[in-house]
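Scroll down for the structure; my scribbles are underneath it.
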Amino acid sequence: MYVVQLKTNARVWIPLHEQGKQLLDKMPRHNAEMILTRADGKPWKIDHFRHEMGEQIRAAGLEGIVTHGLRTTAAKWMTAAGCSEREIMAITGHTSSAMVSRYVREASQKRRAQSAATKVPRYRLEQESAKTTCDRPG
């Protein structure tokens with residue numbers, strides 16, 4: 001599906017998850033251009049949409065997620081999943097890799113630290129194994 005990124009006005013194609021497609025297929029269509037409309041079929045005003053979305057996030061019990069930070073959260077989750085900056089930019093609509101770098105710095109550091117932490121026990125195990133093999137008689 002295509003979305004228009006609010007800050008940059010960039011038109012971005014994003015693959016739609018199958019569950020999202022099924023949900024959208026069930027929704028009544030009031031407006032051909034807007035997917036999410038009010039009950040009366042009119043487009044949401046951005047501040048009203050943010051308010052309603054915030055209520056839904058709280059109702060779902062999601063913590064640490066705010067509407068203003070959804071793009072940042074998505075970028076961090078994609079980084080944690082191993083996506084490249086270019087892949088993230090393709091989803092978020094960012095036009096500058098410098099901006100994406102700023103958003104994903106923390107998630108990238110955590111991923112690299114986790115990778116490093118898993119290498120040390122593996123190395124030590126290999127060293128112990130090599131030592132045991134060398135210590136055997138004959």
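Quick one: ALA32 ticks every box in (1) modelled with pLDDT of 85 or more; (2) closer than 24 Å to ALA10 by Cα; (3) part of a loop (DSSP other than H, G, I, E, B) bar one, so which box is it?
Every listed condition holds for ALA32 apart from (1).
For segment 2-13, which positions are open to solvent by 100 Å² or more (accessible area, probe 1.4 Å) and either in contact with a Pro (Cβ under 7 Å, 6 or more places away or on another chain) or outside any loop (DSSP other than H, G, I, E, B) (or both)?
Filtering segment 2-13 down to residues open to solvent by 100 Å² or more (accessible area, probe 1.4 Å) leaves 2, 6-7, 9, 11, 13.
Those that are open to solvent by 100 Å² or more (accessible area, probe 1.4 Å) and either in contact with a Pro (Cβ under 7 Å, 6 or more places away or on another chain) or outside any loop (DSSP other than H, G, I, E, B) (or both): TYR2, ARG11, TRP13.
Only residues that are open to solvent by 100 Å² or more (accessible area, probe 1.4 Å) and among the aliphatic types (A, V, I, L, M): list them for segment 113-133, please.
Across segment 113-133, the qualifying residue is only LEU125.
Filter segment 67-112 down to residues that are in a loop (DSSP other than H, G, I, E, B) and among the small types (Gly, Ala, Ser) and give me whichever is least open to solvent (accessible area, probe 1.4 Å).
Narrowing segment 67-112 to residues in a loop (DSSP other than H, G, I, E, B): 81-84, 93-96.
Next cut, among the small types (Gly, Ala, Ser) only: 81-82, 84, 93, 96.
Details: ALA81: 83, GLY82: 48, SER84: 52, GLY93: 5, SER96: 49 Å².
That would be GLY93.
Residues checked against (1) over 20 Å from ALA90 (Cβ atoms); (2) among the hydroxyl-bearing types (Ser, Thr, Tyr); (3) touching a residue at least 12 places away in the same chain (Cβ under 8 Å):
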residue	(1), (2), (3)
MET1	no, no, yes
ILE46	yes, no, yes
THR67	yes, yes, yes
MET78	no, no, yes
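Any residue at all in segment 14-22 that's exposed (fewer than 10 other Cβ atoms within 10 Å of the Cβ), free of Cβ contacts under 8 Å to residues at least 24 places away in the same chain and either in a helix (DSSP H, G or I) or in contact with an Asp or Glu (Cβ under 9 Å, 6 or more places away or on another chain) (or both)?
Checked segment 14-22: at least one residue is exposed (fewer than 10 other Cβ atoms within 10 Å of the Cβ), free of Cβ contacts under 8 Å to residues at least 24 places away in the same chain and either in a helix (DSSP H, G or I) or in contact with an Asp or Glu (Cβ under 9 Å, 6 or more places away or on another chain) (or both).
Could you grab me the full set of residues in segment 87-125 that are of a type in the set (Val, Ile, Thr) and within 14 Å of THR8 (Cβ to Cβ)?
ILE91, THR92, THR95, VAL100
The values are calculated or read from the model by the stated rules, or taken from the named source; none is laboratory data. Owing to the predicted nature of the structure, the values given are computational and were not obtained by experimental measurement. Counting neighbours? That spans all protein chains shown, and the Cβs are built from the backbone with ideal geometry, glycine included. Keep in mind that these areas ignore ligands, DNA and RNA; they rest on the heavy atoms of the full protein, side chains included. Shrake-Rupley method; radii C 1.70, N 1.55, O 1.52, S 1.80 Å.
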